[in-house]
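A.B. asks: Mind looking over this structure? Questions follow.
The values are calculated or read from the model by the stated rules, or taken from the named source; none is laboratory data. Small disclaimer: the values here were computed from a predicted structure and weren't measured. Cβ atoms come from the backbone with ideal geometry, glycine included; neighbour counts cover every protein chain shown.
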Amino acid sequence: MKNLSQELVNSVAQLFPDAIFHHQTTEKIVALTIDDAPCLLDRGDYGTKLILEAIAQHNQQYSYLEPARATFFIISSHLNPDSQIIAEIMAQGHEIANHGVIDETHAWLTPQQFEQQLKEAHEQLLELTGKEVRWYRPGRGFYNQTMVKAIANLTAQENYDLQLVLASMIPFDTFELTNQPWLTAMYTKQMVFPGAILVFHANSLKVAKNTAIALKLILKDLRARGYRIVTVSELLNQNL
């Protein structure tokens, strides 16, 4: 039986068919995604490491189950010189995806600016990961047809396999008043359904700290409800 959140996401997805909001499945499975990592001006990548630690501690506690894995949507300008955070994320079984060069509304860029920035971020991530980067999420969650065409052009010209991914929830964890771990956990609980794509943020050290705290509550709740917690790639490879 579909819940209200699932019905709403289905309706929105029909209006915006170029983006992936969720995956149609009957299996209890959700994709965990983290936006804006690493944190801006976080020289030691401490915020991202706190999130990785929260997931790792959860996996240790539930070592008898398949480990929780996440897709990290990376803002390339946030990467510090000589940082090993991408390798660290991948070493823990998580996935890397493209979130642009700058933390801004990509839909406001000119077509030339958008294509340039998308390619710049993508090439940097390809170099750092040494593997295919499949997913792109637009800044602020907005996109337009110019962006869709640019993604298609780069896919054709550069042999990318890139798709536009949004989420099954509107995140409130970037706002000062609503960025409270207990509130994030409570809100997320209402947005979970089979095939959902959950999104949390790491755009500042404070936000990342709260995300790490909230994830401890959220992951525990998901396990209690029998959900698997996977990357976007793993979710979208599921059968109906």
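A.B. asks: Inside segment 124-143, can you point out the residues that are surrounded by 15 or more Cβ atoms within 10 Å (Cβ to Cβ) and out of contact with any His (no Cβ under 8 Å at 6 or more places or on another chain)?
C.D. replies: Within segment 124-143, Gln124, Leu125, Leu126, Leu128, Thr129, Arg134, Trp135, Gly141 meet the criteria.
A.B. asks: A further question on this structure: Out of curiosity, is Met169 within 12 Å of His106 (Cβ to Cβ) and either in contact with a Phe, Trp or Tyr (Cβ under 9 Å, 6 or more places away or on another chain) or at pLDDT 90 or above (or both)?
C.D. replies: Here the answer is no, as Met169 does not meet what is asked.
A.B. asks: Okay, moving on. Within segment 99-216, considering only helices (runs of 4 or more DSSP H) that don't extend past its boundaries, which have at least 1 residues that are in contact with a helix residue (DSSP H, G or I) (Cβ under 6 Å, 6 or more places away or on another chain) and touching a residue at least 60 places away in the same chain (Cβ under 8 Å)?
C.D. replies: Qualifying helices (runs of 4 or more DSSP H): 181-191.
A.B. asks: Right, next: From the list Leu40, Leu52, which residue is modelled with pLDDT under 95 and in contact with a helix residue (DSSP H, G or I) (Cβ under 8 Å, 6 or more places away or on another chain)?
C.D. replies: Just a single option satisfies the conditions, and that option is Leu40.
A.B. asks: Also, quick follow-up: With the requirement that a residue be surrounded by 13 or more Cβ atoms within 10 Å (Cβ to Cβ), of a type in the set (A, V, I, L, M) and part of a loop (DSSP other than H, G, I, E, B), what does segment 1-24 give you?
C.D. replies: Passing the criteria: only Ala19.
A.B. asks: Please state which of the following conditions Thr71 fails to meet, knowing it meets all the rest: (1) modelled with pLDDT of 95 or more; (2) within 19 Å of Asp173 (Cβ to Cβ); (3) surrounded by fewer than 20 Cβ atoms within 10 Å (Cβ to Cβ).
C.D. replies: Against the list (1) modelled with pLDDT of 95 or more; (2) within 19 Å of Asp173 (Cβ to Cβ); (3) surrounded by fewer than 20 Cβ atoms within 10 Å (Cβ to Cβ), Thr71 comes up short only on (3).
A.B. asks: Can you go through Glu27, Glu95 and tell me which one is surrounded by 13 or more Cβ atoms within 10 Å (Cβ to Cβ), at pLDDT 95 or above, charged (D, E, K, R) and over 17 Å from the mean Cα position of the chain (by Cα)?
C.D. replies: So the residue among Glu27, Glu95 that is surrounded by 13 or more Cβ atoms within 10 Å (Cβ to Cβ), at pLDDT 95 or above, charged (D, E, K, R) and over 17 Å from the mean Cα position of the chain (by Cα) is Glu27.
A.B. asks: How many residues does segment 27-54 contain that are in a helix (DSSP H, G or I) and in contact with a Lys or Arg (Cβ under 8 Å, 6 or more places away or on another chain)?
C.D. replies: Number of matching residues: 3.
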